[in-house]
Amino acid sequence: MQIEKRVHIAVPPTVVDQIWSEVDRWHLWDPDTKQAHLNGPFTVGTKGKITPSKGMGVPMVITERTESRSFTVEGYIPLFRMHFEHTVAPVDGGSEVVHRVWFTGALAFLFGPSVAKQLHVGLPRTMQSLKLYAEKRHNVVQGVA
């Protein structure tokens with residue numbers, strides 16, 4: 001089971017990548033995140049914690065990182081892993097951003113469907129919020145009203 005959502009954002013990929021790398025600020029553009037932090041740099045192997053707006057904190061680790069192109073973070077509880085892949089690519093007029101989520105582990109069959117249901121509702125909202133946040137931030141930096 002994989003969930004995927006896409007959005008066009010009228011900013012260069014470097015702007016999106018910078019926003020992604022500011023983990024302590026994810027809550028500013030992700031309405032489903034109450035808090036997030038890393039115990040080190042935004043690189044492969046760095047661990048941290050993410051707390052959803054509803055629920056308890058979940059340990060996470062960065063499992064893939066390509067600067068200005070992608071990162072994947074894995075949230076985990078015993079026997080269940082949630083993989084969140086984020087990619088950005090240059091396109092005419094800005095960037096195409098894709099978020100993909102999939103589940104692994106012995107309990108994926110049990111937890112996956114309920115988490116997927118939440119993501120089908122929340123992920124489009126998160127993508128739209130990222131778009132608005134990135135475009136506003138870019139316009140302020142560029143001096144556009």
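Bear in mind that the values in this text are calculations on the coordinates, not laboratory data. Note that the structure is predicted; figures quoted are calculated from it, not measured. So basically every Cβ, Gly included, is an ideal-geometry build from the backbone, and we count neighbours across all protein chains shown.
So here's what we get for this one:
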| item | result |
| --- | --- |
| Loop-located GluC sites (Glu not before Pro) in region 69-122, at most 16 other Cβ atoms within 10 Å (DSSP) | none |
| Residue-averaged [θ]222 nm for the chain, counting only DSSP H segments that reach four residues, each worth -39500 (n - 2.57) | -10500 deg cm²/dmol |
| Proximal lysine pairs, the chain, alpha carbons under 14 Å, eight or more residues apart or interchain | 4 |
| Pair residue 2, residue 18: separation of 7 Å Cα→Cβ label points (nm) | 3.1 nm |
| Distance between modelled label sites at residue 136 and residue 37, nm, 7 Å Cα→Cβ extension | 2.5 nm |
| Using alpha-carbon coordinates, inclination of helix 108-142 to the longest axis of the chain, degrees | 20 degrees |
| Gained length - residue 76 relative to residue 28, 0.36 nm times residue gap less alpha-carbon distance | 15.0 nm |
| Estimated FRET transfer efficiency when R0 is 22 angstrom, pair residue 104-residue 47 (beta carbons, to 0.05) | 0.80 |
